[in-house]
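First the structure, in the form of structure tokens, and then the observations on it.
Computed from the coordinates by the stated procedures, all read-outs in this text should not be read as laboratory data. As the structure is a prediction and not an experimental result, all values here were calculated from the model. Cβ coordinates were reconstructed from backbone atoms using ideal geometry, including for glycine residues, and neighbour counts include every protein chain displayed.
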Amino acid sequence: MGLSMLQRKPNSGLGNIRSSPADPSRNIDWVLFLAQAALTVAGCFVVFSATRVRTADPYTFVTRQVIFAIAAAVVMFVVMAIDYEWFKQHARALYVATVVVLFALAAYSLAAAGTVLAFEVGPIQVQPAELAKFTTLIALCAYLSEERGDEVSYARFLGGLMIVGLPMVLIVAQPDLGSATVLIAMAMGVLLVAGAKARYILSISVLSALTLGAAFIGRLVNPYQLARVRVFFDENNPDLEKEVYQVTNAVRAVGTGGIFGKGWLQGPLTNGRDIPVIWADFPFAAVGEQFGLVGCAALLLLFVVILVRIWRIAHLSRDLLGTYLCAGIFTMLLWQVFQNIGMTIKIMPVTGLPMPFISYGGSSLITWFALLGVVQSVHMRRMR
Amino acid sequence: MAADKRAARLGVLALVAALLFGVVGVRLWFLQTVQADSLQQTVDARKTKVVPLVPERGRIFDADGRIVAGNERVLTAAVDWDVISRDTDRAELFTRLSGWLEVPVDEMEARYDAGVYSRYLPLPLKEGVSEDVAIAIGERGEDFPGVSIVEGWRRVYPYAPLASHVVGYMGAITAEDQQHYQDLGYDTSVEGEKVGRSGVELSMEETLHGKWGQAVYEVDANNRIVREISFEAPVNGMDVQLSIDLDLQQYAERLLQTQLRLKRLPGFAVPNPEVEKPDGTRGPLDPTKAVGQRVPYKAPAGSVIVMNNQTGQISAMASYPTFDNRWFDSGVGSAKFDQIFPRQGPNGEELDPDLSALTNRAIQGQYNMGSSFKPFTAYAALATGRLGPNTTYNDQGTYKLTSIADDVCAQGVRCVFRNSTCPNPPGEPCRYGTVNVTTALAVSSDTFFYKLGEEFYNTPGTQLQDNVRLFGFGADTGIDLPFEFDGRVPTDELKAQLVEDSVLAQGETKNLQPGDLLQMAIGQGLMAATPLQLAVGYSALANGGHVMTPRVVQAIYAPETPDGLPGFADLTQATLVQSIAPITRDIPMSPELRDPIDAGLRRNILGPGTNDHSTTAEELFADYPAGAIPVAGKTGTAQGRGNYPWNDSSAFAAYSEDPEQPYTVVSYLEKSGFGSTGAAPVVKCMFLALSGITPLDPVVVSEPLDTTSEVPAESLPNVGTECMASTNAGTIRPQD
């Protein structure tokens, strides 16, 4: 491997005829790439608008976000340079490492008797749940792609479930329900495309519901997480005023944006403190208030472009692994975008799931860049 | 592998995606078009928080700039109610705060449950938080959601209990006052708003108060301030300078207390005299006691006033018993407070008025002034031509009414009025022989004035009353202190009212009788005045007919006068807003009117007497140094209940004859004996102090109030009694 794909071949004067059309570096999906870049840049603007009044220096958050984006881009290029087959070969090691880290975090979390979602490594917070999204996807796809059949066998289906189930349970135990639902979505997408029978999918759904239910009943869930979910079903409960207020203001922010929005840096809710953690949890509210329906539609359009491109690459891939990877990333992205926007406009309960590419936060940004790096990797090597 | 099947499955994914995006799109459309306007309305009506900003109350300085009423900045840690509505949140927050505030969690919980704190203002958790802790909590806003440091002021009286009656004290707005203060533009909804309840704190309330400001903030769900919507800064109150000189005030208070203590000593006790009863037999005056049994004076209360008779400014105003005005903000419970300031006697009976410490007797004592009132009767007689300076009268000790027929007198109506008794011969009234107005004042002949009283009675109209009213008797002096009593000038209407109110016996005639005018002429009977009214009257005699409105406030300064030496404000840096100008009302006072009276008052001090009788103050002032302020004055002895000598109250009023040091000094001591032995020594000592002959102790800032104390004010140290020389009971002639 290496960064050879980044080096343009010498121009012989006859065009780039020395390089094969199948050369990975000539098969980057630029539409996907540009849509992703556009979203990331838009994200920096959204983060700036939502955080500038919070800190003494209005650029504190956005500066860090730009640095995250650059770091994420580096990670993405590295992932693109690696043949996705390489991930399959090392899937076991990656998976085991992830599980070990998750175990460690779960133990630490229990010891601390609170919610611990990240390790502090110097100034950086590392969220193992983000890592797990990546490695579990690879492990599941690698495992399923070993069976070359039109429909996945029941045994392999169960094996796949266990691959996803172990990290998921550990993540639920953190407790980070949002990330756990992403893993469930991914598993459902991959298994669906792999040919799991409808009843298998159904059983995943039931199992997931049971796991989440157990988490609630077992009080693994934090009171605030519980409150967030209760808001969705019981918004007139006076005990939940604080949580209701957060969501109510998010809805107000989006709604009052109207068709064209209040304009860049305008709007009392984006500029106020009515929506806690707006920069990470409710960036869509800031978009809605400032840019209105037009801005929201543009944002959604960029996501649609990315989804369509991933879906197309899933089609184009000549091996099962590529298809499965793309399918998993497709469902993860779809779920996470829907969940984040859904909670902002109150069609879903509130979870802490960030909006990919837009929300402030290094872990999320790096994970999504890496995942799209995998998609690009599949696209680049589809003709081999 | 069947690519078409895989494609079909991917199609399912696309379908799901399309579905979810469709849902989002529809919802967005609905929110951003249909609901946009109604949501905008709810945003406009978002939560705000109004924080009242307290002004610093103006301070009160004495004549030298001493801060007699100041303010101490108090920081209070308070928490928004919303933040602690949940038990778990509250417990967590209180636990975190407990160490910082050094308040046990239980105590904070107790405040939460107390039910006495306003739900609209943050719950105060600790008063008097240190600056360091306040800053630390401010910096850790994220750790202490909803916790704020509220800045306030606490009134302090560094020199208390000096001049407590004048300075006054603060208290909450009562239900009765609420409308009044609302009309003045006060926001009576502000919890803990205190206003002056007495003294200058009350009379200058509007000047001192300042104006509340307010900040309106937009708040988030946690009631945390999001941003400021509007800010109106508070306007601090203006500073007030008194004319009271605290050095002199301290001396006056100590002197008053010293003299009252002295008068209670057994050595001053007076014997129960033997008198002739109406039935002709002789017996003890007080039938419960044997003839000659000595009864000590109660000497429970009194007052001293030092007034500048050119400006009306009061330099000292002492009232005994006094109180410490810090009790009102001492934090003692109401049970303890009621014990210190009882509203009724120990058995639920009406409180002995002698004990009421809060009464400022200088302006609220409504007394018979006795003979010290005689100069005003003399003025009325001279002004109405009833008397010339040399009109004489032969005083043979008794005066018999001429306007009542002998047969009526024989039926028991009192027609014969006597001078007070002289020791030689025993039991007989003093006989002063031929007196004119000057000598009558000097030796205090009652019969001379009885005769004038009857003449006024026989003259149509109310000449006597009208003329004494010119001096301000019977009406408020207009001093800038609250709750002044207006005294009494006898009229038919007043008497009828008093009979109706059962103040006088039911059998009393409802209109004035000759006896009433006789009594009035010597300052007894229905005639009553406050010591301050007497001071204003004497000042008008002193300054040639200018009736001054007395003042305790001399100047108003712009807010925030800087501090000077410890305990002082730097008045050189102060911005004068208003200098209180003297208010005078002129009355006729030609030399023909004034000179005979002035001569009589001077002779009362200096002597000589007449017909072998010395004047009433002569002996006391015998050692009065030549370098001291020359004075003219008059003693007064007001008879008390049962005419028992131990119930006599003592009055003395005097003014300076030196226009460079234009002081009028009045003292009145309740149940303390003759004017010459009770009040006169106090006035004499005050003049010696004013002359600079008696050195004044410097005033020092007081120790903090001892809340374990059980008296309204701690006893003061005694002053030297040298200036009271000859106040020995044995050598004093029983004369008024």
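Think of the protein assembly as shown as having a plus end and a minus end, set by charges on the Cβ of Lys, Arg, Asp and Glu; of A:Val277, A:Thr248, A:Val193, A:Val193 sits farthest toward the positive end of this dipole. Here the spin labels are modelled as points 7 Å beyond Cα on the Cα-Cβ line, and at B:Gln182 and A:Ile217 they lie 6.0 nm apart.
Restricting the calculation to Cα atoms, the stretch B:117-257 shows an Rg/Rh of 1.06 when the hydrodynamic-style radius is the Kirkwood one. Estimated purely from DSSP H runs of n ≥ 4, each contributing -39500 (n - 2.57), the mean residue ellipticity at 222 nm for chain B is -9000 deg cm²/dmol once divided by its residues.
Note on chain A: with a GNM built from Cα contacts shorter than 10 Å, the maximum mean-square fluctuation among A:Asp29, A:Asp319, A:Asp57 falls on A:Asp57. For Cα pairs less than 8 Å apart in space and 6+ apart in sequence, what is the mean separation divided by the residue count of chain A, i.e. the relative contact order in percent? Relative contact order for chain A comes out at 27 percent. I need the Debye-formula profile for the stretch B:503-633: one equal scatterer per C-alpha, no solvent, reported as log10 I(q)/I(0) at q = 0.13, 0.17 1/Å, two decimals. The Debye formula, applied to the Cα set alone, gives -0.88, -1.09.
Fewest neighbouring Cβ atoms within 10 Å first, the residues B:Tyr644, B:Tyr320, A:Tyr59 line up as A:Tyr59, B:Tyr644, B:Tyr320. Over all other residues within a Cβ to Cβ distance under 13 Å of B:Gln364, the charged ones net out to -3, with Lys and Arg as +1 and Asp and Glu as -1. Taking only the C-alpha atoms of the stretch B:608-736, Rg followed by Dmax gives 16.9, 59 Å. The Cα atoms of chain A cover 66, 53, 41 Å along the three principal axes, with the biggest extent listed first. Ranking B:Gly292, B:Val489, B:Leu256 by Cα position along the charge dipole of chain B, where only Lys, Arg, Asp and Glu carry charges on their C-beta atoms, puts B:Gly292 farthest toward the positive end. Using C-alpha pairs under 8 Å with a sequence gap of at least 6, the mean separation divided by the residue count of chain B gives a relative contact order of 15 percent. Volume per residue of the convex hull around the Cα atoms, evaluated for the stretch B:227-301, comes out as 271 Å³. On the beta carbon distance between B:Val23 and A:Phe233, with R0 = 22 Å, the FRET formula returns roughly 0.75. Which is farthest toward the positive dipole end of the protein assembly as shown among B:Thr707, A:Leu371, B:Asn424, measuring Cα position about the Cα centre, with Cβ charges +1 (Lys, Arg) and -1 (Asp, Glu)? The residue sitting farthest along the positive end of the dipole is A:Leu371. State log₁₀ I(q)/I(0) for the protein assembly as shown at q = 0.08, 0.09 Å⁻¹ as given by the Debye formula over alpha-carbon point scatterers of equal weight, solvent excluded. Log-scaled intensity ratios, in q order: -0.87, -1.01. Helix B:591-606 and the long axis of chain B differ in direction by around 90°, with both axes built from C-alpha atoms. Stokes-Einstein diffusion for the stretch B:143-193 at 20 °C, viscosity 1.002 mPa s, with a Kirkwood radius from C-alpha pairs, works out to 151 µm²/s. Listed from fewest to most Cβ neighbours within 10 Å, the set A:Phe157, B:Phe231 follows the order B:Phe231, A:Phe157. Calculated mean residue ellipticity at 222 nm for chain A: -22500 deg cm²/dmol, from DSSP H runs with n ≥ 4 weighted as -39500 (n - 2.57), summed, divided by the residue count and rounded to 500. Across the stretch A:271-384, the relative contact order, built from alpha-carbon pairs under 8 Å that are at least six residues apart, equals 31 percent. Here chain B is treated as an ellipsoid with the same Cα gyration tensor; its semi-axes, largest first and in whole Å, are 71, 25, 25. Counted by Cβ distance under 12 Å from B:Leu541, the other residues give a net charge of +1, where Lys and Arg count +1 and Asp and Glu count -1.
FRET efficiency for the pair B:Arg585 and B:Glu139, taken as 1/(1 + (r/R0)^6) with r the Cβ-Cβ distance and R0 = 56 Å, rounds to 0.35.
Which parts of the stretch B:142-157 would a label at A:Arg54 reach, counting a residue when its backbone N lies under 14 Å from a point 7 Å out along Cα-to-Cβ? Counting only backbone N, you get B:142. Annotation: cysteines of the protein assembly as shown without a disulfide-compatible partner (Cβ-Cβ under 4.7 angstrom) are A:Cys44, A:Cys141, A:Cys296, A:Cys326. Potential lengthening of the chain between B:Val503 and B:Val701 amounts to 66.8 nm, from the contour at 0.36 nm per residue minus the alpha-carbon distance.
Can you check what the net charge comes to around B:Gly213, using other residues whose Cβ is under 12 Å from the Cβ of B:Gly213 (Lys, Arg +1; Asp, Glu -1)? After counting each charged neighbour, the total is -3. Estimated from the Cβ-Cβ distance and a Förster radius of 35 angstrom, the FRET efficiency linking B:Thr288 and B:Val156 is about 0.10. The residues B:Cys430, B:Cys422, when put in order of fewest to most other Cβ atoms within 10 Å, stand as B:Cys422, B:Cys430. Per-residue shielding of B:83-89, expressed as the average number of other chain Cβ atoms within 10 Å of the residue Cβ, stands at 2. Taken residue by residue and averaged, Cβ atoms of other chains lying within 10 Å of the Cβ of A:327-338 number 3. Rounded to the nearest 20, the Cβ-based charge dipole of the stretch A:140-230 about its Cα centre (Lys and Arg +1, Asp and Glu -1) stands at 360 debye. Averaged over the residues of peptide B:13-25, the number of Cβ atoms from other protein chains lying within 10 Å of each residue's Cβ is 6.
Take the Cα radius of gyration of the stretch B:276-354 and divide it by 2.2 N^0.38 Å, N being the number of residues; the result is 1.83. A crude spin-label estimate for the pair A:Ala111 and B:Ala475, with each label 7 Å from Cα along the Cβ direction, gives 9.1 nm. The alpha carbons of the stretch B:331-435 give a radius of gyration and a Dmax of 23.3, 68 Å, in that order.
Cα axis of helix B:105-114 to longest principal axis of chain B: angle in degrees, 0 to 90, nearest 10? It works out to around 70 degrees.
Extents of the stretch B:415-525, largest first, come to 47, 38, 29 Å (Cα atoms, principal axes, whole angstrom).
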